[in-house]
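Please read the structure below before turning to the comments.
Nothing in this text is a laboratory measurement; each read-out follows from the coordinates by a stated rule. These numbers were taken from a predicted model, which means no experiment stands behind them. Note: ideal-geometry Cβ built from the backbone for every residue, glycine included; neighbour counts use all protein chains shown.
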Amino acid sequence: MSRTLPLAGRIAVVTGASSGIGEATAQKLAAEGAAVALLARRKDRLDALAQKIRAGGGRALALPVDATSGAAVAEAARTIAAELGAVDIVINNAGVMLPSGVEEHRVADFEKMIEVNLTGAMRVVDAFVDPLVAAARKGGPADLINVSSIAAHGVFPTFAVYCATKAAVTHLSRNLRAELGPKNVRVSVIEPGFVDTELQGHMTDEAARAWIARARQEITWLTAGDLASTIAFTVGLPRHVNLPHITIMPTQQV
């Protein structure tokens, strides 16, 4: 007797899908039966991931999209609707971390974090909120998961703008839940501690890089797969069950 996959028939969008948490989550959702739209900027990485998912028997659509472009995200939403169907899972994961001291005046880095981490996240919400509400209205589950960080609550030298953007994502999620929860759209925010991904590789601040390097040596970090499993569990819960706020930490991180 064949086993029905837990997410069979569902259609998911994953942003930041070219690496790290997004890549692992897309693979996990596809393995559990969801058709997955992969959104990120790096076409070659997306194409390779889509091919891997299809080789495993899943459905995947690779769409090179910059989340900072409202027009591009809106066009991707139309393409997904036409090629995969009505979206009922959105994993809002794209993000960037570029710490630097405020006295260094790296305004371009500050603006990029705000544009990607917050404005980009809201553009994704805007593009997919209607299909999520429609899916819930039809009686099915509908999930919006925003990936934030424990930095939303932290105070770290040189991370001021990054922490501020993640605090905004967390509070945005709470307020979206107040608006969409009564319509049976489950809104969750997930706040990871240290996760072994590419995120830290883009940092140029030497003090921050040294701090990260020490943390890698001192504790066992989470993997992207750990986050993917948590996300898949969350969207696989019965329709009436919502985990609104998830903090996931390495056991040794305090």
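Quick look at the values:
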| quantity | calculated |
| --- | --- |
| Simple Cβ-charge dipole of region 43-175, Lys/Arg +1 and Asp/Glu -1, about Cα centre, in debye nearest 20 | 460 |
| Among V155, G140, L176 the positive-end extreme of the charge dipole of region 123-184 (Cβ point charges) | G140 |
| Near-label residues of region 64-81 by backbone N, under 20 Å of a point 7 Å along Cα→Cβ of A48 | 64-66 |
| Computed E for A178/E115 - FRET, C-beta separation, R0 25 angstrom, nearest 0.05 | 0.50 |
| Additional length obtainable on full extension of the chain from R214 to R78, 0.36 nm per residue less Cα span | 44.5 nm |
| Share, in percent, of DSSP beta bridges within the chain that are antiparallel, nearest 5 | 0 |
| For region 19-48 and region 106-138, distance of Cα centres in Å | 18 |
| Listed residues M97, G70, A167: farthest to the positive end of the dipole of region 11-248 (Cβ charges) | G70 |
| Set of aspartates and glutamates near K112 by C-alpha distance (under 18 Å), chain-local residues within fewer than 8 positions excluded | D66, E103, E104, E198, D205 |
| Listed peptides 60-70, 85-95 by packing density, highest first (mean Cβ within 10 Å) | 85-95, 60-70 |
